2 protein chains.
Amino acid sequence: MIGVAINGYGTIGRRVAYGVSIQDDMYVTGIVKNSPDYVTKLASRNFNIYTPDMDKKREFEAHGIRVKGTLEDLLSESDIVVDGTPEGNGEKNLKLYRQYGIKAILEGGEKSTVVESSFNSYSNYPKSLNKNYVRVVSCNTTALARSVSPLKEKFGVQEVNATIMRRATDPNDNKKGPINAIEPSMSYPSHHAEDLKTVMDGINVETSAIKVPTTLMHVHVINLELKSEPGIDEVISELSTKRRLILINDKEGVNSTAQVMDYARELSRNRSDLYEIAIWKGSINIYKNKVHYIQAVHQESDVIPENIDAIRAMFGTDPDLSRDKTDASLGIKGVEY
Amino acid sequence: MIGVAINGYGTIGRRVAYGVSIQDDMYVTGIVKNSPDYVTKLASRNFNIYTPDMDKKREFEAHGIRVKGTLEDLLSESDIVVDGTPEGNGEKNLKLYRQYGIKAILEGGEKSTVVESSFNSYSNYPKSLNKNYVRVVSCNTTALARSVSPLKEKFGVQEVNATIMRRATDPNDNKKGPINAIEPSMSYPSHHAEDLKTVMDGINVETSAIKVPTTLMHVHVINLELKSEPGIDEVISELSTKRRLILINDKEGVNSTAQVMDYARELSRNRSDLYEIAIWKGSINIYKNKVHYIQAVHQESDVIPENIDAIRAMFGTDPDLSRDKTDASLGIKGVEY
């Protein structure tokens, strides 16, 4: 059993903790929280709580929360740590993890240069086999890799161009904006293009990013130039072979991210998450070697299966075995239309 | 075992179906859907599907959905029907239910005059004992009854004045507005005041309703004039005695409905629902006989425990027994701060 520490229990950390807790070959040794808030109180029902240091431990205990020890205690009791701390802390934390001789996973907000490999389960799982320091790419990059990589494998991809409509903030945040404006990024390509290259060698990609006033999901408008000219049925069939992609149908009432997330709630999953990337079947168009499609990304949860797989990769597990276990436990079955 | 038909599987119907399905003294005989959409497809994994008529049955079957029969077939096989059809259909449907000699529950959008009693579990459960036609009051009225009735019982209430900030629409809807305006209702009192009187005899109440651009929850600002002058601790302690109310704490980061619904997601419930009315502890203020507090209402789910209790009331079950069973099954434990 692999003992997994979770350092940082925010949007990603809490979901990785849940995901790990339902596997049969790993378990959560404990989670590190930075403030004694409602999330910590609720988490303490299921997990051992650790704090960054002794001062915080005393603060938590003053709020009636039982603390098992400090981050360093936890690292010494675990085989691997998943770092879900706020963006930019990973590099600093990595020094501590090295000191404790513990494997570590960083998330997509961290630099790719500080780890041995960047990870996406579909596009480059084998690169992280038995590695010690791995980065799971961001929600948007994960989503791009998920749908582009099977098309690349089957038909070849000359060029990817994607417009990324980013959700302004996550649903549990009431501070950030915009609430009534559309905010384009002036960077072209946006950082997502470089990031996709870390998990898809030699891909030719340009991306543009625009923030829109919603919290539910990101939406990607994707144009691919293929190396061949498949029929639309071949493209649909290829996208249907991967469990972590689902084809959704506007003709059955899934017209917007409102219904995609409602669909997710109807699956009775923990936190009503949607781990799969949802591609609108009706948006798939093809002209000669050019494919166009639109996909929706649940930014809070799409990287969770990748984090579980990354843990297994780092302990030498075969890709297919890991994906099968991860998907079966999370209820990811693939959906056919 | 009470056989419960669900006619209409929208926001309320689907949640009542789930709630019934996890009780040990009732079961879902089937659900009636009007269109072969994604919700129907997903529902068909768990429930028998019926259609309003034979034409619809054929339409559903053309979409690959197995249909067990029509509404009338379902009524003849059930002991009670919960009507979750769109607002205003209940009265018409009631004629059919009478014809089939079947007990029926209507929801809060229907007129109180067409049923034998209106229902709230805290304030008037006994009135619906062994009745045939009962209406569960709306999400807002349920929420008002939940927090006002224990205070009324303990301290007496002279007058209630509430400002109801209504969510514009439910999360699965992408058509209705407003998205960037605040829309006051000119009716004073708003219909909620009359509705509260149907479950709280002789209550003196005025309400004002304002639509705001959010989908998560309603929020009520409540001012009560009591018949006595309790201390704030007595008020808090009284509100803490009811499991379907929870006191939430802004000091632990619950500053807005964004965090209240995040709190709900952390409870790992089906659809991430919050059945309890959430009262901000920090909002409770008292001056002489006047109490002020603010509460948040998950409009999609707060009436679900009431629907389950109403079914039991109509078959003669004791109130405490029903509430205990309902709350235990739905994970409603009361939360202490």
Label B:Ile22 and A:Ser35 with points 7 Å out from Cα along Cα→Cβ: what is the distance between them in nm?
3.0
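Taking every residue in A:265-276, how many Cβ atoms of other protein chains lie within 10 Å of its Cβ, on average?
Other-chain Cβ atoms within 10 Å of each residue's Cβ, averaged: 5.
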Would you please give the FRET efficiency between A:Asn89 and B:Asp324, computed as 1/(1 + (r/R0)^6) with r the Cβ-Cβ distance and R0 = 45 Å, to the nearest 0.05?
0.45
Charges on Cβ only, +1 for Lys and Arg, -1 for Asp and Glu, centred on the Cα centroid of the stretch B:139-297; of B:Tyr275, B:Val160, B:Ile286, which one is farthest towards the dipole's positive end?
B:Tyr275
Working out 0.36 nm times the residue gap between A:Glu206 and A:Glu194, then minus their Cα-Cα distance, what length gain in nm do you get to one decimal?
3.5 nm
Ignore the peptide's own chain and count Cβ atoms of other chains within 10 Å of each Cβ in B:159-171; give me the average, rounded.
1
Can you check what the net charge comes to around A:Glu183, using other residues whose Cβ is under 13 Å from the Cβ of A:Glu183 (Lys, Arg +1; Asp, Glu -1)?
+4
Using a 7 Å offset from Cα along Cα-Cβ at B:Thr163, what residues in the stretch B:202-246 end up with backbone N under 14 Å from the label point?
B:207-212, B:219-224
Using a label position 7 Å from Cα in the Cα→Cβ direction, what is the ascending list of nm distances from A:Tyr188 to the same site in the other copies?
5.4
What nm distances, shortest first, do you get from the label point of A:Asn289 to those in the other copies when the point sits 7 angstrom along Cα to Cβ?
8.4
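Taking every DSSP beta bridge that has both residues in chain A, what percent is antiparallel when rounded to the nearest 5?
Close to 40 percent.
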May I ask you to order B:305-312, B:1-8 by the average number of other C-beta atoms within 10 Å around their residues, highest value first?
B:305-312, B:1-8
Given points 7 Å out from each Cα along the Cα-Cβ axis, report the B:Leu96 to B:Glu234 separation in nanometres with one decimal.
5.2
Working with all protein chains in place, sort B:Lys325, B:Lys175, A:Lys154 by solvent-accessible area computed with a 1.4 Å probe, largest first.
B:Lys175, A:Lys154, B:Lys325
Rule-of-thumb check for the stretch A:139-297: C-alpha Rg over 2.2 N^0.38 Å?
1.04
Please give the net charge around A:Glu87, taking every other residue with its beta carbon less than 11 angstrom from that of A:Glu87, where Lys and Arg add +1 and Asp and Glu add -1.
-3
Tell me, what are the semi-axes, in whole angstrom and largest first, of the equivalent ellipsoid of chain A as set by the roots of 5 times the Cα gyration tensor eigenvalues?
34, 22, 19
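Per-residue mean of other chain beta-carbon atoms within 10 angstrom of the beta-carbon, peptide B:34-45?
For this peptide, the per-residue mean of nearby foreign Cβ atoms is 4.
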Diagonalise the Cα gyration tensor of the stretch B:272-337 and give the resulting equivalent ellipsoid semi-axes, square root of 5 times each eigenvalue, largest first, whole Å.
28, 15, 11
Mind jotting down a quarter of the surface of the convex hull over the alpha carbons of the protein assembly as shown, in square nanometres, one decimal?
30.1
So if R0 is 56 Å, what FRET efficiency would A:Thr113 and B:Arg66 give, r being the distance between their Cβ atoms, rounded to the nearest 0.05?
0.55
DSSP beta bridges in the stretch A:139-297: the antiparallel percent, rounded to 5, is 65
With DNA, RNA and ligands ignored, accessible area of B:Arg269 (1.4 Å probe; Å², nearest 10)
20
For the stretch A:45-125, convex hull of alpha carbons as volume per residue, Å³:
123
For B:Glu206, place a label point 7 Å from Cα along the Cα-to-Cβ direction in every copy; what are the distances to the other copies, in nm, shortest first?
6.3
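The values are calculated or read from the model by the stated rules, or taken from the named source; none is laboratory data. Note that this is a predicted model, so its numbers are computed, not measured. When we count neighbours, we look across all protein chains shown, and the Cβ atoms used for this are built from the backbone with ideal geometry, even at glycine. Areas reflect the complete protein model, heavy atoms only, side chains present, ligands, DNA and RNA absent. Shrake-Rupley method; radii C 1.70, N 1.55, O 1.52, S 1.80 Å.
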